[in-house]
Amino acid sequence: MDTLAQLATGFVHVLTPANLTVLFIGLVLGLLVAVLPGLTLVMGVVLALPFTYAMDVTPAIVLLTAMYVTGTYGGALTAILFRVPGEPIDVPLLWDGYTMARKGAPAKALGWTLLAAFVGGIVSACVMVAFSAPVARIALTLSTPEYFAIIFFGLASVVSLGGGSVTNALISLCLGLLISTVGVDGTYGAERFAFGVPMLIDGIEYLLVMVGAYGIGEVFTRLYVGFDNAGAARAGRVRTELPGLREIGALKMVLARSSLVGVIVGLVPGAGATIASFVAYGTEGQYGKRRRELGTGIPDGIVAPQTAATSSVGGAMIPLLTMGIPGSGATAIILGAFLLHGIQPGPQIFSNPEQAEIAYAVFASMFIGVIGMCLMGYFFIKLLVRVLEFPEAVVSAFVVMFCFIGAFAARNNLSDLYVIAAFGVLGFLFEKFRFPIAPLVLGSILGPLAESTFMTTMISFDNDWTVFFTRPTAGAIMGLALLALGYPLFRHWREHRRISGDAGP
C-alpha cells in the first residue's frame, strides 16, 4: 500500500502543468528523433540533456525518460511504411511489418505495432514499480566491495555486448576510463594527465564526451558517406487499424514471452532495446507457434520485437535507479542528468523522502508517457511520417547547432566547444574503424564511480584486493563479470579455430 500511495503522489507531481508540458515535449521529441533515420535514440537524448540544466531535477528526468520510451516506438512507423528503420531497434520489424504492409495491410501492421508498444510499455512501468524498491533494499546491505563489483560487471557487460570485435570494445572502454581520470584525483588531490593545460585540470565533462562522440561524430559520418538530400516520399493516406480482441487473444503468449524477454534483457547492463528486439524475434523463431511463417508478414513477427523493445525500458531503469548502473546507452545519459542535478542514483534513493518522490514521479511519467505515446501514434501518425521529407543535410545542421549551443550553455566556457569538436572527430573515427562508442561513453561516466569505490575499499580493507573475491556477494558478482568478459573471447577463439580448421593446411 505504501508503494501505491507513493505512486499516487508521483502522479500528482507529473500531472502539474509544468511537468505535464515537459512530458508532452519529451513525447514529441522522442517520436521525431525515432522517425528521422539520421538521428538515433541515444543521440536525441544526448541533444536534450544540456537543455535540462535550468530545470529542476524532476522535469529534467521526466523529459529524458519520455524521449527514451517513445524512441523505442517511433521508428517502427517508417520501418513499416517505407522500409526505413529509424533505429537499429526497428530492423526486425522490416521482416514482417514491411512485408505485411506490402501485402496491402499497412494499417493492420501499424495497429499491431501500436498494441505491442502499449503492452510492452505498461508491463515495463509495472515492473519498475514492483521491483525497484525491493532491489534497492537488497542493495542497501552491500558495501563498497560489492558496489565496485557491480560497476565492474556493468563495464564488462558493455564490452561483451559491444558488438563486432571484443578487442575494439575493450580499447573503447579503456579509453573512456582513461578520459575519466583526467584532472585532479578526488582521493589524493594529485593532478593527472592535464599536461599543464588549464582546461584539463578540471577534468573532461562526460557530457562533452557524449554529445561530441554521438552527435557531432554521427554528423561527420553522414558527411563522409554523403547526405541524402532528396527526402523520403510523401506518406499519402496513412492510418492505423487496431486488432480485435480475438486476434489479441491468439497472440497473448507472444506478448507475454516478449515482455519477459524485454525486461530481462533490459536488466543486463549495456544490453538495451536493440538486443531485446532481436532476442525476442529469435525467441519466436525458436519457440513460437508460427515460427515457420516468420518473415512472411505475420503479426507474431511484429508484436515480438516491438513489445520487447518497449518493455526493456523498465528493465534498464531498475539498475539505474537502484544501483546507479545504466542498463543501456539512453539510461547512461539519464544517469548523467541525475549527476548534473546533484543526485547519485543508488539504493538510498528510496530511503531519502525527497529522492523517492523523484523516483515515483519517474514511474508515474512512464504510465502517462506510454498512454500519450500511443495516442500520438494513433492520431498524429500522418504528421509524424511527414518529417521524413526534411533533407538529411538540414537535419544534420540543426544537430550540430544544438550540440554546440548545449555544450556552451553548460558552463559558458568556450574551451568546451573545442573539446566537443575533438570528440566529434573521435566519434567519426570510431564509426569508420568500427569501434563501438557505447563503451567509451559508459567508461567516462562510470570511471569516477569505479575509482571512488575501489579506492574507498582499499583504504577500508588495508589495500587487500582479495576482498573483492573473498566476500560472497562481491565474489559472485566478480565471477559473473569475468564470465561476461571471458565468454566472448572464448567464442571468438572457437570460431577462429573452426575457420582455420575449415581452411585446411
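The table below lists the values:
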| item | result |
| --- | --- |
| Failed criterion for D228 (all others in (1) acidic (D, E); (2) within 29 Å of the chain's Cα centre (by Cα); (3) at pLDDT 75 or above hold) | (3) |
| Residue within segment 131-147 that is of a type in the set (F, W, Y), in a helix (DSSP H, G or I) and more than 29 Å from D2 (Cα to Cα) present | no |
| Some residue of segment 442-460 being surrounded by fewer than 17 Cβ atoms within 10 Å (Cβ to Cβ), in contact with a helix residue (DSSP H, G or I) (Cβ under 9 Å, 6 or more places away or on another chain) and either at pLDDT below 80 or farther than 30 Å from P145 by Cβ (or both) | no |
| Condition broken by S143, with the remaining ones in (1) surrounded by 17 or more Cβ atoms within 10 Å (Cβ to Cβ); (2) out of contact with any Gly (no Cβ under 8 Å at 6 or more places or on another chain) satisfied | (1) |
| Residue in segment 445-461 that is touching a Pro at 6+ places or on another chain (Cβ under 6 Å), over 21 Å from L177 (Cα atoms) and of a type outside the set (D, E) present | no |
| Selection status of T296, in contact (Cβ under 8 Å) with a residue 40 or more places away in the chain, among the polar types (S, T, N, Q) and crowded, with 23+ Cβ neighbours inside 10 Å | no |
| G346 being over 20 Å from the mean Cα position of the chain (by Cα), in contact (Cβ under 8 Å) with a residue 60 or more places away in the chain and more than 15 Å from L7 (Cα to Cα) | no |
| Some residue of segment 325-335 being among the polar types (S, T, N, Q), part of a loop (DSSP other than H, G, I, E, B) and either in contact with a helix residue (DSSP H, G or I) (Cβ under 9 Å, 6 or more places away or on another chain) or closer than 14 Å to G120 by Cβ (or both) | yes |
| So P305, is it over 29 Å from A139 (Cα atoms) and either crowded, with 24+ Cβ neighbours inside 10 Å or of a type in the set (A, V, I, L, M, F, W, C) (or both) | yes |
| Residue among G262, G266 that alone is modelled with pLDDT of 85 or more, in a helix (DSSP H, G or I) and buried (at least 23 other Cβ atoms within 10 Å of the Cβ) | G262 |
| Verdict on F430 being assigned to a helix (DSSP H, G or I) and more than 22 Å from the chain's Cα centre (by Cα) | no |
| Listing of helices (runs of 4 or more DSSP H) fully contained in segment 1-120 that carry 3 or more residues being of a type in the set (S, T, N, Q), touching a residue at least 40 places away in the same chain (Cβ under 8 Å) and surrounded by fewer than 22 Cβ atoms within 10 Å (Cβ to Cβ) | 2-14 |
| Filter result (aliphatic (A, V, I, L, M), touching a Phe, Trp or Tyr at 6+ places or on another chain (Cβ under 7 Å) and modelled with pLDDT of 80 or more) within segment 358-406 | A359, A364, V370, M373 |
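The values are calculated or read from the model by the stated rules, or taken from the named source; none is laboratory data. Here the structure is a predicted model, which means the values were calculated and not measured. Positions of Cβ are backbone-derived with ideal geometry, glycine not excepted, and every protein chain shown enters the neighbour counts.
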